[in-house]
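Okay, so here's the structure we're looking at.
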Amino acid sequence: MSEIVETEAGDARITWHEAKRARLVLAAGHGAGGGIEARDLEALAAALPAHGVTVALVEQPWRVAGKKVAPAPKTLDTGWRGVWPALAGPGLPVISAGRSAGARVACRTAAELGAHAVLALSFPLHPPGKPEKSRAEELLGAGVPTLVVQGGNDPFGRPAEFPQGAYDLVEVPYGDHGFAVPKRAEITQERALEILTGAVRQWVASLG
């Protein structure tokens with residue numbers, strides 16, 4: 001089921017994957033280079049409802065409008081704030097999640113929106129090849145329980161590059177920024193996504 005939600009940044013779209021006896025909502029935004037068809041978002045939407053977690057995949061207004069380039073971070077935050085009342089509508093705790101640029105949005109807005117926790121998929125710690133341009137402050141400033149799931153070969157930040165902090169980090173071996181693994185890797189693509197969804201499931205269960 002999908003619904004259009006008006007925001008100050010334009011119309012956003014939420015696609016709901018509902019759990020029968022939901023105890024949490026995991027709301028996930030996409031990155032700057034793609035939409036909710038990303039493999040990690042689709043994997044979570046398929047795996048989590050059976051475990052009592054309703055997954056809400058959120059398309060930012062720029063994607064709904066058919067634009068090719070994401071707007072400034074401030075505008076992304078405005079769009080996310082605008083959909084939050086609809087995400088909180090079921091009356092359940094909401095985990096603010098996102099991949100890449102969407103993970104940054106989730107971290108920046110979590111405290112003010114009252115998010116239960118943050119799930120950061122492929123957090124872009126820095127632009128590729130520019131480790132000096134760190135965005136660690138956004139991650140460290142989330143202010144709520146946070147899980148980072150990062151590909152072992154992510155050019156936007158490999159797991160070993162992440163600073164110490166009050167968050168959990170799970171590595172998906174061989175994964176790139178989109179959690180794709182090369183054919184020569186010791187794990188299959190399917191296994192890589194199982195590692196991702198399994199880690200998220202365990203973490204969600206630990207939140208209480």
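The values are calculated or read from the model by the stated rules, or taken from the named source; none is laboratory data. Just so it is clear, the structure is predicted and the values come from calculations on it, not from any experiment. Using ideal geometry, Cβ is built from the backbone for each residue, glycine included, and neighbour counts are taken over all protein chains shown. Side chains are part of the model used for accessible areas, which takes the heavy atoms of the whole protein and leaves out ligands, DNA and RNA. Shrake-Rupley method; radii C 1.70, N 1.55, O 1.52, S 1.80 Å.
Could you compute the longest span of the chain free of trypsin sites (Lys or Arg not before Pro) located in DSSP loops and having at most 11 other Cβ atoms within 10 Å, not counting the site residues? Result for the longest clean stretch: 69-132.
Restricting region 100-162 to GluC sites (Glu not before Pro) that sit in a DSSP loop and have at most 16 other Cβ atoms within 10 Å of their own Cβ leaves Glu132. Measuring max minus min along each principal axis, the C-alpha atoms of region 47-163 give extents of 41, 33, 27 Å (largest first). Inter-label distance, Glu37 to Asp168: 3.2 nm, where each label sits 7 Å from its Cα along the C-beta direction. Computed over the chain, the P(r) tail beyond 24 angstrom holds 35 percent of alpha carbon pairs.
Across region 153-159, rounded Karplus estimates of 3J(HN,Hα) from the backbone phi angles (6.51 cos²θ - 1.76 cosθ + 1.60, θ = phi - 60°) give 10, 6, x, 8, x, 7, x Hz, Gly and Pro being marked x. Each Lys or Arg adds one and each Asp or Glu subtracts one; over the other residues with Cβ under 10 Å from the Cβ of Ala50, this totals +2.
Screening the chain for whole DSSP H helices with an alpha carbon extent of at least 24 angstrom along the helix axis and a mean Kyte-Doolittle hydropathy of at least -1.0 yields 189-207. Per-residue Karplus couplings for region 61-69, computed as 6.51 cos²θ - 1.76 cosθ + 1.60 with θ equal to phi - 60°, are listed in order as x, 5, 6, 4, 7, x, 7, 9, 10 Hz, Gly and Pro entered as x. Accessible area ranking (1.4 Å probe, heavy atoms, ligands and nucleic acids excluded), largest first, for Thr75, Thr15, Thr146, Thr188: Thr188, Thr75, Thr15, Thr146.
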